[in-house]
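Remarks on the structure that follows.
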Amino acid sequence: MSDDIEQRLSRLRPAALPPGLMGACRSARSTAAPVKSSLRWWLNGLAAAILISGLIAYSLHRPATPGRPSVAHIPVQQMGRVYTPVESLNHLLEVDEVGIVFPEPDRPCRLVRCVWLDDNTYHERTGASTLRMTQSREQFVPVPLEIY
Amino acid sequence: MDTIPAPDLWNSWLAQNASKFFLYARQQARSEADAEDILQESLVESWQRGGQANQPPAAALVFATIRRRAIDFARSADRRAKRELDHGVSAARWFTISDGAGSIDLELEDAVKGLPEIYREVITLKVWGELTFAEIADVLKLSPNTAASRYRYGIDHLRQVMKAVAP
């Protein structure tokens, strides 16, 4: 008899749900509206945007490193001269995985730390001189994870 | 705008599939009460994630959702206390045994219940879930070859058990 074990298995029918459970499942239909994927992505994007905004706000309000003024302040401090940015090169130096965060329940995000080297070039408006500034920048990037 | 599945579609989908999803939920859960909660929540979540107003979600997605939710339930401390008061899964019959089948089918059910979990879940998804090995591999996060191997080992194991019971 052992050779037809697969046939015997396939003849076994899974037991039906208890009546109460079947009724509860039928009643659950009203909550089973599909969530549009675009809505899901919008929610993920919103969570990511909030996180990024927080990180940017934190970095803007952090005291500048002594001896290393921020880029935004340099042109107006050059004895009346005004420099405008003409070129910006960004080199990725380091990438580290910081961990997994949950901006919302069941919406995990990988948090990745990136270190950039920003190479910015400015021209004085009359074209008489050029200013070049290089500095490192830290960035935290949330990457939404799909879970099933 | 999101649309609730039509009553006829929802009910016919349940009638055709709920018993096999419940079978898998019972095997994954630690108690009948957990299995019932997991089933309801997984059916709704699967529709929300993979269904459409006129198209049910894929069976593989439902099985994967049941598996993930069962793991979440098992981790929950407050449910653990409830589980201790509940009946064990072995007390419930997993299959409908026809009157003329005799005791062999009961022995076979017990043999299935006694299988190591890694074999039992593959056999369940293959035989009653009607998934392909590729789909099973996706649900269980295995390679298709591993899924097929576990299926064969599980079937061999059942053969040995049933030989001993009814040589």
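The values are calculated or read from the model by the stated rules, or taken from the named source; none is laboratory data. All values derive from a computational prediction rather than experimental measurement. So basically every Cβ, Gly included, is an ideal-geometry build from the backbone, and we count neighbours across all protein chains shown.
Here are a few things to note about the model shown:
- Matching residues in segment A:109-147 - criterion: being among the acidic types (D, E) and surrounded by 14 or more Cβ atoms within 10 Å (Cβ to Cβ): A:D118, A:D119, A:E124
- Set side by side, the residues B:L125, B:L108 differ, and just one is assigned to a helix (DSSP H, G or I) and either at pLDDT below 90 or touching a His at 6+ places or on another chain (Cβ under 6 Å) (or both), which is B:L108.
- Count of segment B:3-30 residues which are within 7 Å of chain A (Cβ to nearest Cβ) and touching a residue at least 40 places away in the same chain (Cβ under 8 Å): 5
- Filtered residues of segment B:39-66 (kept if under 9 Å from B:V139 (Cβ atoms) and at the interface with another protein chain (Cβ under 9 Å from one of its Cβ atoms)): B:L61, B:A64
- Matching residues, segment B:6-29, being aromatic (F, W, Y) and either surrounded by fewer than 16 Cβ atoms within 10 Å (Cβ to Cβ) or under 14 Å from A:C25 (Cβ atoms) (or both): B:W10, B:W13, B:F21, B:F22
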